[in-house]
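In what follows, a single structure is set out as structure tokens and then discussed.
Nothing in this text is a laboratory measurement; each read-out follows from the coordinates by a stated rule. The model shown is predicted, which means the values in this text are computed figures rather than measured ones. Don't worry about glycine lacking a Cβ; one is built from the backbone with ideal geometry, like all the others, and counts go over all protein chains shown.
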Amino acid sequence: MEVAEAVEKYQVFWAMNPCQQRLVTYLPEHAAEIVGHAVKHDVDSLLAQAVRFLGPSPCLDVLKKFPAHLVMAWVEYQKNWRDLVFGPAIQYIESREYVTSYCNNVAKGEDPDICRICRICLLAWLAQLEKIDSMPSFKAALKNPLLDQKHPRGEKEWCKNCPGNYCQNLPALVRIMEAGIEAAPPLSNFL
């Protein structure tokens with residue numbers, strides 16, 4: 001990071017691009033520091049790459065590494081990110097017809113609805129996702145979306161149309177959240 005700062009400070013133009021490429025190799029571990037560098041030196045491509053790793057990161061941890069003029073922009077960005085990722089997911093769960101028995105069998109072409117147990121487990125899964133503090137971990141949790149537990153009394157109490165630790169509404173929920181991540185505008189929109 002120090003070399004990249006020196007290259008920018010002394011305007012060593014031939015070294016700027018190699019330094020930026022080298023900084024990318026430090027993502028996601030040093031994403032916050034790289035965002036600060038990219039904003040300070042107006043490197044939009046580096047900024048866009050680094051911010052993608054910070055969406056679910058704890059606000060305070062990130063702000064400690066940012067220059068003061070980025071504080072409000074980051075708070076607005078993160079609120080927008082959470083609204084785009086979690087808002088539609090919660091809305092999807094709440095918009096499913098609520099039934100007390102079992103979820104409809106979507107594989108047989110029935111309209112998707114949601115049973116009480118699946119609804120509770122999906123909302124609990126979203127709450128677990130909200131606690132994840134890094135984008136790689138967040139995306140890994142979306143790629144392997146198994147619910148920790150189905151029902152406190154055992155697997156036999158689980159919805160008969162949702163096999164294993166898995167609700168048939170989960171793939172649609174994951175697609176909605178991935179679309180929210182992709183739809184998040186760049187941090188530069190909030191500067």
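Tabulated results
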| quantity | calculated |
| --- | --- |
| Cβ-based exposure ranking for Met72, Met1, in which fewest neighbours within 10 Å come first | Met72, Met1 |
| Residue-count net charge about Leu187 - beta-carbon cut-off 11 Å; Lys, Arg +1, Asp, Glu -1 | -1 |
| Along the chain, longest interval not containing exposed GluC sites (Glu not before Pro), exposed being DSSP loop plus at most 13 other Cβ atoms within 10 Å | 111-191 |
| Where a label projected 7 Å from the Cα of Tyr26 along Cα→Cβ would reach, residues of the stretch 51-87 with amide N under 17 Å | 51-54, 62-67 |
| Fraction of alpha-carbon pairs over 20 Å apart in the chain - percent | 61 |
| Segment Glu130-Asn144, length gained on full extension (0.36 nm per residue, minus Cα span) | 3.5 nm |
| Net length gained if the chain between Val71 and Asn17 were fully extended (0.36 nm per residue, minus Cα distance) | 16.7 nm |
| 5 angstrom amide H check on Val99, placed H, neighbours 5+ away | Ile114, Cys115, Arg116 |
| Hydrodynamic radius of the stretch 36-75 per Kirkwood, over alpha carbon pairs, in Å | 10.4 |
| Lysines whose Cα lies under 26 Å from that of Lys108, excluding same-chain neighbours fewer than 8 positions away | Lys143, Lys150, Lys156, Lys160 |
| The chain - percent relative contact order, Cα under 8 Å, separation 6 or more | 23 |
| Filter on Lys40/Lys64; Lys40/Lys79; Lys9/Lys64 - keep pairs with C-alpha separation over 18 Å | Lys40/Lys79; Lys9/Lys64 |
| Nearby aspartates and glutamates by direct alpha-carbon distance to Lys65 (threshold 12 angstrom, same-chain neighbours under 8 apart not counted) | Glu33 |
